[in-house]
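Scroll down for the structure; my scribbles are underneath it.
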Amino acid sequence: MEALQIRNEYTPVQNRKIEIYEPPEELSEDGLYVSEDEYWEKYYAHPDFNYEWNNGYLEEKPVSDLDGSQMYQWFFMLLKSFLETKPIAIMMNLEMGFRLSMPSAITIRKPDLAVILNTNTTPIKGKDCTFKGVCDICIEALSHQDRNAVVRDTVLKKSEYEIIGVKEYYILDAWQEKTAFYRRNKRGNYEKIRPLRKDIIRSEVLPGFQFRFSDLYKQPSLLSMTEDRVYQKFLMPYYQQERLLRSEAEKRVKQERKLKNEAEKLAEQERKLRDMATERAERMADQLKKLGVSPED
């Protein structure tokens, strides 16, 4: 075990030397060859580094930049909102991984975000720290801090997810260079998902889940998106229901006000008619008096 480092400092008030013990800086072991058992025991939940395992070798997941993080968070909130409205699956993240056993290799991957359908043949439980089945959708947010990691996400993982049977694979790239969305066809091969109306990506794994490609970069607020037909069916349904009820209440108030105004107009017309009838009767009475005839005769 490495000895603790000792750093001498002087306090500004007492001008007295104190000793501060600091642990040595932990270095990444990216590229180290370890057995699968050793990976699960020591590296899967490493406190300082987020490692995947590629057929014996550690692969460190890179840190995201701000743009990539914001895109990921926006997409995460959108997907979370959909699954709250239509709870047909659960999301897996927080550095949870799953084992990919392929004919030529075994890897352990930790998607930035993954979806597991309720109908998946392998259930996942609340206290599980890893998923023992195959995810239905995997999402990776690219970090350009590491070119090897970009290649790994866009080429290697794409091939692995395709082979293992991940139904849809989304690559989010804040730099717009490599954003792509794939779906397995009947032959088991990935094909790019064709945008509807040149901009809308629609999932088949999650019926009803869709989003605008352009919104990945605009990242509009969820509240403003409730006015958008692309998202209205699943985004913030309670807010939309409340807004609908409020709109209906406002319509009722307007209708009641309109009926009240119409009733007041009718009452005013009736008053005018009564006044006119009274005035006419008085004129006739005056004329009869002039003729010497009593109106009561």
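Computed from the coordinates by the stated procedures, all read-outs in this text should not be read as laboratory data. Nothing here was measured: the structure is a model prediction, and the numbers come from that model. Neighbour counts run over all protein chains shown; Cβ positions are idealised from the backbone, glycine included.
Please list the non-local residues whose amide H lies under 5 Å from the amide H of Thr130, H modeled 1.01 Å from N, same-chain partners needing a gap of 5 or more.
Result for Thr130 returns nothing.
Would you kindly derive the ³J(HN,Hα) couplings of region 224-229 from the backbone phi angles with the Karplus curve 6.51 cos²θ - 1.76 cosθ + 1.60 (θ = phi - 60°), listing them in order in whole Hz, with x for Gly and Pro?
These are the phi-based 3J(HN,Hα) values: 5, 6, 5, 8, 9, 4 Hz.
Based on the Cα coordinates of the chain, what is the per residue volume of their convex hull in Å³? Write down the numbers at each step before the final one.
Values: hull volume 100.9 nm³, N = 297.
Dividing the Cα hull volume of the chain by its residues yields 340 Å³.
Report, in deg cm²/dmol and to the nearest 500, the calculated mean residue ellipticity at 222 nm for the chain, where each DSSP H run with n ≥ 4 adds -39500 (n - 2.57) and the sum is divided by the residue count.
-10500 deg cm²/dmol
Can you give me the C-alpha center-to-center distance between region 272-286 and region 185-201, rounded to a whole angstrom?
Using only Cα atoms to place each centre, the spacing works out to 82 Å.
Please list the helices of the chain that count as membrane-span-like by this rule: a mean Kyte-Doolittle hydropathy of at least 1.6 together with Cα atoms stretching 24 Å or more along the helix axis, each helix being a complete DSSP H run.
Answer set is empty.
Taking H as built 1.01 Å from N, whose amide H comes closer than 5 Å to the amide H of Ile200, not counting residues under 5 places away?
Answer set, sorted by chain and number: Phe213.
Placing +1 on the Cβ of each Lys and Arg and -1 on the Cβ of each Asp and Glu in the chain, which of Tyr57, Ala277, Ile116 has its Cα farthest towards the positive end of the resulting dipole?
Ala277
Out of residues 5 or more away from His46 or on other chains, whose amide H comes under 5 Å of its own, with H placed 1.01 Å from N in the peptide plane?
Those qualifying (amide H under 5 Å, at least 5 residues apart or on another chain) are Tyr51.
With the cut-off at 23 Å, tell me which of the pairs Lys125/Lys158; Lys110/Lys158; Lys132/Lys167; Lys125/Lys178; Lys61/Lys178 have Cα atoms farther apart than that.
Values: Lys125/Lys158 26 Å; Lys110/Lys158 13 Å; Lys132/Lys167 16 Å; Lys125/Lys178 34 Å; Lys61/Lys178 18 Å.
From the list (Lys125/Lys158; Lys110/Lys158; Lys132/Lys167; Lys125/Lys178; Lys61/Lys178), the Cα-Cα distance tops 23 Å for Lys125/Lys158; Lys125/Lys178.
Thinking of region 61-229 as a set of Cα atoms, what percent of all their pairs are more than 27 Å apart?
Taking all Cα-Cα pairs of region 61-229, the fraction more than 27 Å apart is 21 percent.
With labels modelled as points extended 7 Å from the Cα through the Cβ direction, what inter-label distance (nm, one decimal) is found for Arg194 paired with Arg274?
Going by the 7 Å Cα→Cβ label model, 7.4 nm.
What list do you get for Tyr39, Tyr169 if you sort them by fewest beta carbons within 10 Å?
The most exposed by this proxy come first: Tyr39, Tyr169.
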